[in-house]
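Notes to accompany the following structure.
The values are calculated or read from the model by the stated rules, or taken from the named source; none is laboratory data. Please read all numbers here as calculations on a predicted model, not as lab measurements. Please note: Cβ atoms are built from the backbone with ideal geometry, for glycine as well, and neighbour counts cover all protein chains shown. In case anyone asks, the SASA skips ligands and DNA or RNA and just uses the protein heavy atoms, side chains included. Shrake-Rupley method; radii C 1.70, N 1.55, O 1.52, S 1.80 Å.
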Amino acid sequence: MSGLTLQNVTKQFGPFTAVKNVELTVPDGTFVCLLGPSGCGKTTLMRMIAGLDLPTSGAIRLGGEDITGVPTHKRDLGMVFQSLALFPHLTVGENIAYSLRIRGAPKEDQKKRVDELLSMIHLPGFADRPVAKLSGGQRQRVAIARALAISPKLFLLDEPLSALDAKLREAMQVELRQLQQKLGITTIVVTHDQREAMTMADTVVVMNSGEIRQAAPPVEIYRRPADTFVADFIGSTNLIEFKVDGAGRMTVLGKLIEGLAAPAGLASGMISVRPEDVHLTAPDMAPITGRVVFVRDLGGMIETFVEVEGKQIVAVSTPRARPDVAIGHAVGITLSPDVCVVLKS
Ligand code: ATP
């Protein structure tokens, strides 16, 4: 099978398990982001894919071949890791051509490839510039070009944009994604920034405590989070307890939600409802009622905090659809069954 496959990959440091039974398939030409909080095992997993660390158990396959024990330099990888800075004493062109030079590529081919990559990263004519004379964003683009010079099978980037300011970072996310699509190169990026992952990835792999909690397209991760951790980690959400009555019907905030199927064998659990899916109405228009306790006007959107049965529910609306409410007002809340996602605990 082509692409990258991780089979039951585990990494232990002494008694501590940093990565646990990871199963993942990355099809050729796709863009995957490993996303999760600090210490969840993203970098450890990436280092094993790169061959910088050996798994304690499990196997890694690339293009059908078992590469678990193959050294990094024989894996056909392009890498942009924070620890792999540009060579400061070389020019931009020499940096990009570095791996071609050590592979003995003819000078003319090196120059052609450097020019091709410089135009791809929007820095034509920069070949002779010392790297010391580049901005942060330009350096990062050169690091990307250097990693791509050998046309690797797999492109690995660990927090490639984290040193850049917010605006440049956003622009580079789009650039990196466009470059990946143009080249069709299988790419894996480690990030702790969910917006970055949502912008770039075909598949977002959400990790926690060394395990994959969900691997799915960004929209699915957001709209159909698999469990409480993913729902809470991605964007903001309302986590609300549900109970199942004797007739198998689900109640949320003390009221029956018609059309919401209760999972078999569960007497209670949690649902996730995104704030933009909470609709506020007049109190006599909805089964669930509460009282407004706070309104946050962020310009582009308005958050209304409503207390219901001792729990705060947040509703988000655009300024045009601004609910006509103020602190202390009673309001109705409508939750349609299709926006209530039942979570695994
Ligand atoms: P961050 O976003 O902060 O970089 P991460 O998700 O990349 O975090 P890892 O660097 O993979 O996390 O670390 C996962 C866990 O493994 C952490 O608890 C870390 O302390 C531990 N760990 C990583 N490398 C080693 C090591 N060489 N020896 C012992 N423990 C390690």
Of the residues that make up segment 106-113, is at least one buried (at least 19 other Cβ atoms within 10 Å of the Cβ), within 23 Å of T187 (Cβ to Cβ) and touching a Phe, Trp or Tyr at 6+ places or on another chain (Cβ under 8 Å)?
-> no
Failed criterion for Y222 (all others in (1) surrounded by fewer than 15 Cβ atoms within 10 Å (Cβ to Cβ); (2) hydroxyl-bearing (S, T, Y); (3) in a helix (DSSP H, G or I) hold) | (1)
Going by the structure shown, is G259 over 30 Å from M198 (Cα atoms), modelled with pLDDT under 90 and in a strand (DSSP E or B)?
-> yes
Of the conditions (1) open to solvent by 40 Å² or more (accessible area, probe 1.4 Å); (2) over 34 Å from the mean Cα position of the chain (by Cα); (3) more than 18 Å from N238 (Cα to Cα), the single one that R291 does not satisfy is (3)
Segment 1-31, residues that are among the hydrophobic types (A, V, I, L, M, F, W, C), within 16 Å of the ligand (Cβ to nearest atom) and more than 19 Å from F229 (Cβ to Cβ) = L6, V9, F13, F16
Listed residues R129, R177; which is modelled with pLDDT of 90 or more, closer than 27 Å to A201 by Cα and open to solvent by 20 Å² or more (accessible area, probe 1.4 Å)?
-> R177
Pairs, please: C-beta under 8 Å, at least 6 apart or cross-chain, first residue within 13 Å of the ligand (Cβ to nearest atom) and in segment 181-203, second open to solvent by 50 Å² or more (accessible area, probe 1.4 Å)?
-> V190/T43; H192/S38
Using the structure shown, decide if M198 is surrounded by 18 or more Cβ atoms within 10 Å (Cβ to Cβ) and either of a type outside the set (A, V, I, L, M, F, W, C) or not in a strand (DSSP E or B) (or both).
-> yes
Could you grab me the full set of residues in segment 35-66 that are free of Cβ contacts under 8 Å to residues at least 12 places away in the same chain and within 8 Å of the ligand (Cβ to nearest atom)?
-> G39, R47
May I ask you to verify whether L123 is surrounded by fewer than 21 Cβ atoms within 10 Å (Cβ to Cβ) and either touching a residue at least 24 places away in the same chain (Cβ under 8 Å) or part of a strand (DSSP E or B) (or both)?
-> yes
Would you point out which residue out of G93, G78 is in the same structural domain as K182 (by TED's automatic domain parsing), farther than 30 Å from P55 by Cα and surrounded by 12 or more Cβ atoms within 10 Å (Cβ to Cβ)?
-> G93
Only listed residue being open to solvent by 50 Å² or more (accessible area, probe 1.4 Å) and assigned to a loop (DSSP other than H, G, I, E, B), chosen from A163, A171 = A163
Would you point out which residue out of A286, A326 is loosely packed, with under 14 Cβ neighbours inside 10 Å, among the hydrophobic types (A, V, I, L, M, F, W, C) and over 28 Å from F233 (Cβ atoms)?
-> A326
